[in-house]
Amino acid sequence: MLSLKQRRSLNTLLLGVLAWGVALAIFFPIFWMLLTSFKTEIDAFATPPQLFFSPTLENYTLVNERSDYLHFAWNSVVVSFGSTIIGMMLAVPAAYSMAFFETKRTKGTLLWMLSTKMLPPVGVLVPIYLIFKDTGLLDTKTGLVIIYTLINLPIMIWMAYTYFKEIPKEVLEAARMDGSSLFQELWRVLLPMSKGGLAATVLLSLILSWNEAFWSLNLTASEAAPLTALIASYSSPEGLFWAKLSAVSTLACAPILIFGWISQKQLVRGLSFGAVK
Amino acid sequence: MKSTALNAGPASAAAEPMQDSRQGGIRKTSRINRFMVSPSVIVLALWMVVPLSMTIYFSLIRYNLLYPGDNEFVGLENFQFFVTDFGFMAGMSNTLLLVGSVLLITVVLGVLISLLVNQAFWGRGIVRILLISPFFIMPTVNALIWKNLLLHPVSGVFAAIWKFFGATPIDWFSEFPLFSIIMIVSWQWLPFAILLLMTALQSLDQEQQEAARLDGAGPCALFFHLTLPHLARPIAVVVMIETIFLLSIFAEIFTTTGGGPGYETTNLAYLIYSQALLQFDVGLASAGGLIAVVLANIAAFFLVRLIGKSLTEKQ
Amino acid sequence: MANLTIKNLKKSFEATEILKGIDLEIKDNEFVVFVGPSGCGKSTLLRSIAGLEEVTSGHILLDHKEITDLAPAKRNLAMVFQSYALYPHMSVRKNMSFALELAKEKKDVINQKVAEAARILELEPLLDRKPKELSGGQRQRVAIGRAIVRQPKVFLFDEPLSNLDAALRVQMRLELARLHHDLNATMIYVTHDQVEAMTLADKVVVLRHGQIEQVGTPLELYRNPANRFVAGFLGMPKMSFLPGTVTALDASSVTVELTFGGSVTLPAAGEHLRRGSEVTVGVRPENIDLVDASEASLTGFMDIAENLGSDTYCYVKTDGQETLTVRMPGNFTCNYGDRIGLQLHADECHLFDEHGNAIQKPTQMAA
């Protein structure tokens with residue numbers, strides 16, 4: 001017979017092993033992608049799949065030659081950072097205003113902003129496509145920046161709002177009494193106090209823009225196409241380049257994956273519109 | 001100046017010195033503060049109103065980019081065409097099946113897995129990170145990795161496992177196309193459920209749990225009477241937010257099956273895309289788009305109410 | 001110089017009137033305390049002076065200059081908040097120098113002023129710490145230091161001591177009194193604690209329901225409260241109230257038959273009273289003596305006696321179930337339930353009419 005204590009530690013051990021098993025299973029596709037990216041194309045297509053092989057870096061070196069990877073990566077960077085910067089410039093003042101100068105309409109405004117997020121993109125795809133076609137925004141980075149700013153703005157405002165709400169109003173009032181202008185109050189008091197939350201907001205916006213794949217597939221062709229579109233182009237089988245696909249995918253996902261790991265705890269708030277902290 | 005005078009009320013009757021202090025006065029500043037929200041409100045209002053009213057207009061006229069000419073008013077004809085089209089029924093049922101199955105899978109597995117990792121064990125931090133990783137993978141990568149590296153009938157990992165057990169490997173995307181889509185979308189969204197539920201579990205009242213245990217509650221009773229009620233709201237949030245995103249699943253279908261074979265993996269979003277950008281029938285696609293909007297609004301109605309409730313509770 | 005004048009100040013929020021027309025003069029170097037129960041508008045009044053609240057109508061003048069609508073930054077007032085409101089991301093030094101930096105003071109002037117404030121408040125060893133590394137009392141000092149360095153025209157305090165524990169509160173109260181003396185500054189202080197009001201103020205302003213009930217020195221208010229509310233609000237333990245009916249009156253005294261036994265004849269100029277008027281007699285704990293039940297017409301049962309060492313506070317229940325508080329010497333003993341007689345010092349009693357307004361003492365008595 002095992003004692004209660006022994007039984008309990010055995011339980012913990014078994015549950016720990018189970019948790020690890022589940023985690024590894026869920027992570028496996030990503031691990032496999034990483035592994036495949038170091039294989040030669042022949043190893044990548046081998047049956048049964050090879051777990052042990054002589055690794056090569058040639059996929060990574062070939063990626064840029066084959067598909068002009070850097071061009072697409074640059075588009076992703078410009079579009080994600082561009083929309084995030086503009087988004088923050090709109091979201092921070094809006095969240096500041098609603099968090100610290102609440103009026104009767106504030107709650108309604110917040111909910112209405114949330115509701116714009118519920119508009120399914122297909123509902124407005126046609127007019128946006130036509131507007132972009134007429135204004136020459138089709139297949140431009142500017143066009144994507146505009147769209148991404150708009151679709152992420154509600155989330156950014158909500159996230160910044162919930163962080164600002166935790167800051168005691170009196171500190172800002174103290175700054176006002178101390179002689180701060182509006183800009184000084186924001187820049188020297190509010191932003192330093194909420195930098196963790198705002199950093200998380202920035203990261204969430206970057207992640208969402210980087211991974212966005214409805215508008216990027218429909219509104220870009222080649223000139224402004226970001227990485228999501230580049231990867232999608234690998235679906236047309238012009239040959240079996242799985243190792244290269246894996247290398248491109250790994251490169252495309254790695255930065256965002258790391259961002260996500262860093263900010264996972266704060267992201268919950270933005271992803272649930274403040275409902276879960 | 002006009003509005004200043006209006007707002008100043010009785011004080012505006014004051015003598016000269018009052019005018020000086022108006023410069024940078026608190027009335028002006030507080031108005032500036034309140035109006036800092038307007039740029040966001042304006043762009044979001046434009047984003048909502050302009051395209052949507054265009055969609056409504058297009059849905060009522062005959063408008064095909066391949067046959068330019070008279071865009072005559074046709075009433076509800078586009079809706080009629082869209083709804084009676086064979087693709088519509090398939091699109092509707094595929095959309096509902098996809099959303100329903102993914103919700104069921106992610107919520108049930110999400111609850112179980114977040115409970116599993118809610119206790120102390122070695123390497124819990126790493127396990128957490130591994131579990132939430134798929135959420136950060138871009139949808140097109142997700143789709144292609146599954147299609148080519150995992151589910152491929154010849155060289156995929158699943159095929160190797162099937163062979164190892166002596167079974168015939170399955171050609172997932174041609175034999176069970178919708179199921180395959182459900183599988184890869186679930187993989188993508190399961191981490192979202194885990195992340196939210198895991199966070200929610202951390203705020204579970206430990207003393208309450210211990211009190212219940214002292215009262216003789218077993219693990220099952222604990223789960224159904226304490227844990228599950230505590231998770232009710234986060235689960236509702238997961239369901240609602242996933243619904244919004246899942247109704248518009250596009251890239252995963254676009255990169256794997258292209259809606260096929262036939263209409264088997266065509267959801268509403270993909271159907272509208274193919275009407276608009278493959279067949280250039282703007283009128284028909286707009287009618288479909290409006291139907292999608294209505295559908296999303298039904299879901300949104302509940303979400304806004306839910307989040308609105310939590311907003312009022314906080315204050 | 002810092003004379004503050006408030007004229008008919010009104011403030012409404014939606015349908016609720018928070019300030020219903022405040023008129024007040026605050027003179028240079030005065031320590032003024034706004035006191036009243038929560039929701040009386042005292043904080044709103046302070047915040048209106050600070051410029052943190054928009055007022056609906058009326059005027060605030062600082063040294064005869066209109067500041068009603070001036071931004072808080074431009075009023076040259078400093079405020080100490082209840083929650084201290086320190087900048088959490090700045091060191092103590094930075095917290096204190098922030099306002100001076102914004103005012104573009106010279107570096108050596110800033111350093112000198114901060115050093116001076118730190119010396120006065122004994123904050124020197126803490127200058128490089130962040131607020132979260134400080135105790136409540138230390139944070140309070142930093143908040144005060146932040147105000148001092150600016151040498152404002154008026155210091156505003158919004159319940160600054162209410163987040164401190166009892167012992168620290170007494171200590172800080174003394175320090176504030178000393179600070180007022182040393183700085184010779186105009187201070188406006190909001191509190192709901194009547195002890196702080198009594199001990200700190202040159203002038204107490206009692207507020208209720210957005211209106212000023214009475215203004216005066218602490219002793220004036222204690223001795224001649226304008227109404228029942230002020231009488232009950234100031235004084236610890238509270239004044240006791242006994243209902244009664246006027247039975248006789250002349251130019252300088254009123255005789256009241258108490259509803260639950262006994263009568264008192266007290267000096268009062270009750271011109272507008274008649275025989276039969278319903279009145280209330282108010283009496284402070286130090287103005288009642290306990291005597292043998294047979295010697296007094298007003299009797300009651302001993303309820304609880306709290307012995308504080310120096311004094312004993314006896315709570316006596318009359319037959320009308322009112323509780324009277326009586327201050328007795330520290331060595332006084334008695335038993336729960338004892339029947340006991342109460343003797344009121346008629347000269348020190350207060351008389352209130354049916355609306356709760358005080359009936360003034362005859363003029364020769366007050367003089």
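The values are calculated or read from the model by the stated rules, or taken from the named source; none is laboratory data. Only a predicted model underlies this, so the values are computations on that prediction, with no experimental measurement involved. Note: ideal-geometry Cβ built from the backbone for every residue, glycine included; neighbour counts use all protein chains shown.
Every residue in region C:301-322 that is among the polar types (S, T, N, Q) and crowded, with 18+ Cβ neighbours inside 10 Å, please. Walk me through how you get there before you give the answer.
The initial filter retains those residues of region C:301-322 that are among the polar types (S, T, N, Q), namely C:307, C:310, C:312, C:318, C:321.
Residues satisfying the conditions are C:T312, C:T318.
Under the condition of being at the interface with chain B (Cβ under 8 Å from one of its Cβ atoms) and farther than 27 Å from A:F241 by Cβ, which residue from region A:14-37 is farthest from the chain's Cα centre (by Cα)?
Of everything passing the filter in region A:14-37, A:L15 is farthest from the chain's Cα centre (by Cα).
So if I check each of B:L103, B:L66, B:L97, which one is surrounded by fewer than 17 Cβ atoms within 10 Å (Cβ to Cβ), touching a residue at least 40 places away in the same chain (Cβ under 8 Å) and within 20 Å of the chain's Cα centre (by Cα)?
Among B:L103, B:L66, B:L97, only B:L97 is surrounded by fewer than 17 Cβ atoms within 10 Å (Cβ to Cβ), touching a residue at least 40 places away in the same chain (Cβ under 8 Å) and within 20 Å of the chain's Cα centre (by Cα).
May I ask you to verify whether A:V92 is free of Cβ contacts under 8 Å to residues at least 24 places away in the same chain and crowded, with 20+ Cβ neighbours inside 10 Å? Show your work before the answer.
Details: free of Cβ contacts under 8 Å to residues at least 24 places away in the same chain: no; crowded, with 20+ Cβ neighbours inside 10 Å: yes.
So A:V92 does not fit the description; no.
For region A:235-256, indicate whether the set of residues that are at the interface with chain B (Cβ under 7 Å from one of its Cβ atoms) and surrounded by fewer than 21 Cβ atoms within 10 Å (Cβ to Cβ) is non-empty.
Checked region A:235-256: at least one residue is at the interface with chain B (Cβ under 7 Å from one of its Cβ atoms) and surrounded by fewer than 21 Cβ atoms within 10 Å (Cβ to Cβ).
Among B:T4, B:T84, B:T106, B:T55, which is the only one that is of a type in the set (S, T, Y), modelled with pLDDT under 85 and within 24 Å of B:N267 (Cα to Cα)?
B:T84
When you look at C:L19, is it surrounded by fewer than 20 Cβ atoms within 10 Å (Cβ to Cβ), hydrophobic (A, V, I, L, M, F, W, C) and over 17 Å from C:A185 (Cα atoms), yes or no?
no
Among strands (runs of 3 or more DSSP E) lying entirely in region C:249-335, which contain 2 or more residues that are in the same structural domain as C:F352 (by TED's automatic domain parsing), at pLDDT below 85 and farther than 19 Å from C:F352 by Cβ?
In region C:249-335, there are no strands (runs of 3 or more DSSP E) which contain 2 or more residues that are in the same structural domain as C:F352 (by TED's automatic domain parsing), at pLDDT below 85 and farther than 19 Å from C:F352 by Cβ.
Working only within region A:160-177, note down all residues that are of a type in the set (D, E) and either on the phi > 0 side of the Ramachandran plot or facing chain C (nearest Cβ under 9 Å) (or both).
Passing the criteria: A:E170, A:E173.
Report whether or not B:L246 is out of contact with any strand residue (DSSP E or B) (no Cβ under 8 Å at 6 or more places or on another chain), among the aliphatic types (A, V, I, L, M) and modelled with pLDDT of 85 or more.
yes
Take region B:112-161 and flag every residue that is at the interface with another protein chain (Cβ under 7 Å from one of its Cβ atoms), farther than 24 Å from A:I262 by Cα, in contact (Cβ under 8 Å) with a residue 12 or more places away in the chain and not in a helix (DSSP H, G or I).
B:V154
Considering region B:173-194 alone, what residues qualify as being at pLDDT below 85 and among the hydrophobic types (A, V, I, L, M, F, W, C)? Walk me through how you get there before you give the answer.
In the first step, residues of region B:173-194 are kept if they are at pLDDT below 85; the result is B:173-175.
Correct list: B:F173 only.
With the structure loaded, tell me whether C:A99 is modelled with pLDDT of 90 or more and assigned to a loop (DSSP other than H, G, I, E, B) or whether it fails that test.
Here the answer is no, as C:A99 does not meet what is asked.
Please return the ranges of helices (runs of 4 or more DSSP H) entirely within region A:153-249 where 3 or more residues are among the hydroxyl-bearing types (S, T, Y) and either over 30 Å from C:S97 (Cα atoms) or modelled with pLDDT of 85 or more (or both).
The helices (runs of 4 or more DSSP H) meeting that bar are A:195-211.
Residues checked against (1) more than 7 Å from every other protein chain (Cβ to nearest Cβ); (2) on the phi < 0 side of the Ramachandran plot:
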{"position": "A:N152", "(1), (2)": "yes, yes"}
{"position": "A:G179", "(1), (2)": "no, no"}
{"position": "A:L198", "(1), (2)": "yes, yes"}
{"position": "A:I207", "(1), (2)": "no, yes"}
{"position": "A:E212", "(1), (2)": "yes, yes"}
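Listed residues C:D128, C:D165; which is loosely packed, with under 15 Cβ neighbours inside 10 Å, over 30 Å from C:S48 (Cβ atoms), in the same structural domain as C:Q214 (by TED's automatic domain parsing) and modelled with pLDDT under 90?
Details: C:D128 fails: modelled with pLDDT under 90.
Answer to the selection: C:D165.
Return yes or no: is A:S80 in contact (Cβ under 8 Å) with a residue 12 or more places away in the chain and of a type in the set (S, T, Y)?
Working: in contact (Cβ under 8 Å) with a residue 12 or more places away in the chain: yes; of a type in the set (S, T, Y): yes.
In short, yes.
Output the number of the condition that C:A147 fails; it satisfies all remaining conditions of (1) under 24 Å from C:L62 (Cβ atoms); (2) touching a helix residue (DSSP H, G or I) at 6+ places or on another chain (Cβ under 7 Å); (3) crowded, with 21+ Cβ neighbours inside 10 Å.
It fails just one condition, (2).
Kindly list the number of the only condition in (1) polar (S, T, N, Q); (2) more than 7 Å from every other protein chain (Cβ to nearest Cβ); (3) over 12 Å from the mean Cα position of the chain (by Cα) that fails for A:S263.
(3)
Looking only at region C:226-279, which residues are surrounded by 17 or more Cβ atoms within 10 Å (Cβ to Cβ), closer than 12 Å to C:E354 by Cα and in contact with a Gly (Cβ under 7 Å, 6 or more places away or on another chain)?
Scanning region C:226-279 gives C:N227, C:R228, C:V246, C:V279.
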